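The numbers here are math on the coordinates, done by the rules we state, and not lab data. Since the structure is predicted, the reported quantities are computational estimates derived from the model, not experimental observations. Here the Cβ is made from the backbone with ideal geometry for all residues, glycine too, and neighbour counts use every protein chain on show.
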Amino acid sequence: MTVARSGRFAEGRAPSFITLNSSLALDWRLWREDIEGSTAHARALRGAGVLSAQELEAIETGLAAVGREIEAGEFVPGDADEDVHMAVERRLTELIGDAGARLHTARSRNDQVVTDVRLHLRRVVERQDAALAGLQRVLLERAGDHVTTVMPAYTHLQRAQVTSLAQHLLAYFWMLDRDRERLAAAREACLELPLGAGAAVGLDFDVDRQAVAGELGFARVAENSLDAVASRDFVVDYLAAAAQIGTHLSRLGGELVLWATSEFGFVRLPDAFSGGSSIMPQKKNPDAAELMRAAAPRLAADLGGLLGVLHGLPLAYNTDLREDKRYLFDAVDCLDAILPVVAGLLEGVVFDKARMAAACDPYLAATDVADYLVEKGVPFREAHHLTGALVRRCLDAGEPLVQVPLDELRTLSPVFDDGYYALHDAAAQLARKASRGGSSPARVREQLELAHAALEARLAG
Ligand code: ARG
């Protein structure tokens, strides 16, 4: 198939090249922003004296009509349309004739596409930020009910010391808080207007770029035309934020997978977010949590993919840049799909407080014992050694720490007294972690307040 093309070419494009070169599959979702950007551009052309009032009116009405047709599914781009920009312009010109053919004055697809992407991405970021805020709200709610629910904290996935479920859930709250800060920075990076850069070097027409920026909601104009069309660092900013979100969600997903095992038994996952087995009738699989875990490499690959496209690329526009949307939209779709599932999982997960408490084994008090000896004046290294010996003695005897009689403790160190026996209750261990940011119920209540304030502040800001 050959299609009409510019006077430069004697021959049509090869079908295989048409297929390869079409970016419609990548950029069709930008149609709304393409129409918005084109409308603002047409107004700027009128301001520069390029369009008459009637031509502007025809373009504005025509672009609105194209938008309605696309929305209604009446206009569908064809094989011959290389990208969303060509498709919208073609349809406009079919609808309004001559005036449509003037729209692309003082504009290139090079500044057009990156304007569309910036407009679009800003909206995506706002939507996904709201979804993250929703996750934070669920985490706060669940944490609020579990300030005194004891569970082991792990290091090296070995039981370490007592913490609370609230403290554990709040750790994820703060990760998401920082992710939202990254998203806010990515949103801010979107707010620079490329339009007016032309293909690479600027325009022969005096368009009011500041007015276009204002109309489209950009905060400022790009100050260098080559930079404007060549740069995609605002997409990198988003993909880096997305990759980090993915990494955080993968740790939460990974923990839910672990906690849902019979071995841990800390949680029961909601049926609505669990899968079955095609052969083993008893199985309930944590598919949603596993997919949370699996989103991380995908998002990291999207970031790596775009960095690869940009690496060593000469200024200014190159068709390689078209691939920005492959990585960008893959990440957007990945997060759009996963975020509601995370919310559902967190809302529906049932925590087994008894299993968590039972996992606080009699040896978790060891550090508290060492600290207790320190409080009695023993140097920490010595206290650590003494307590280690005590633990070994109890392990050998198959006895919990709490059962060692006082006279035997005193053979280890004369400073032991009755206070030793109060250390072995998990709630007591929890209460002792009273440093700022620590797990004690008092500190966690304080932290909950701070978290609520942080959530509101980001929403407002
Ligand atoms: N469709 C292209 C993209 O997505 C825009 C066209 C750039 N200009 C060009 N002469 N190929 O980046």
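Neighbour counts of C-beta atoms inside 10 Å place His85, His248, His452 in the sequence His452, His248, His85, starting with the fewest. How far is the Cα center of the range 361-438 from the Cα center of the range 241-292, in Å? Using only Cα atoms, the two centres lie 36 Å from each other. Taking the longest Cα principal axis of the chain as reference, the axis of helix 53-71 is set at about 50 degrees.
What's the long-distance tail for the range 309-395, i.e. % of Cα pairs beyond 14 Å? Percent of Cα pairs beyond 14 Å in the range 309-395: 79.
Would you please state which residues of the range 178-211 a label at Asp233 would reach in this model, taking the label point 7 Å out along Cα→Cβ and a backbone N cut-off of under 18 Å? Under cut-off, by backbone N: 182-195.
Summarising the amide proton neighbourhood of Ala153: residues at separation of 5 or more, or on other chains, whose placed amide H is nearer than 5 Å comprise Ala160, Gln161, Val162, Thr163. For Thr61, Thr387, Thr105, Thr39, the sequence from fewest to most other C-beta atoms within 10 Å is Thr61, Thr105, Thr39, Thr387. Straight Cα distances below 12 angstrom link Lys376 to the aspartates and glutamates Asp417, with same-chain residues fewer than 8 positions distant left out. Whole-Hz Karplus values for the range 447-456 come out as 5, 4, 4, 4, 5, 4, 5, 5, 4, 5 Hz, taken residue by residue from phi with 6.51 cos²θ - 1.76 cosθ + 1.60 and θ = phi - 60°; glycine and proline positions read x. The mean of 1/r over all distinct Cα pairs in the chain, once inverted, gives the Kirkwood hydrodynamic radius of 26.5 Å. The label-point distance for His156 and Asn318, in a model that sets each label 7 Å from Cα toward Cβ, rounds to 4.8 nm.
Sorted ascending by nearby beta carbons within 10 Å, beginning with the fewest, Phe264, Phe351, Phe9 become Phe9, Phe264, Phe351. Amide H contacts under 5 Å for Gly275: Asn285, Asp287, Ala288, restricted to partners 5 or more places along the chain or on a different chain, H placed in the peptide plane at 1.01 Å from N. Qualifying GluC sites (Glu not before Pro) in the range 8-81, where qualification requires a DSSP coil assignment and no more than 15 other C-beta atoms within 10 Å, comprise Glu11, Glu74.
Return the percentage of antiparallel bridges among DSSP beta bridges fully within the range 111-247, rounded to the nearest 5 %. Don't skip to the answer; put the middle values down first.
Values: 6 of 8 bridges.
Counting only bridges with both partners in the range 111-247, antiparallel ones make up about 75 percent.
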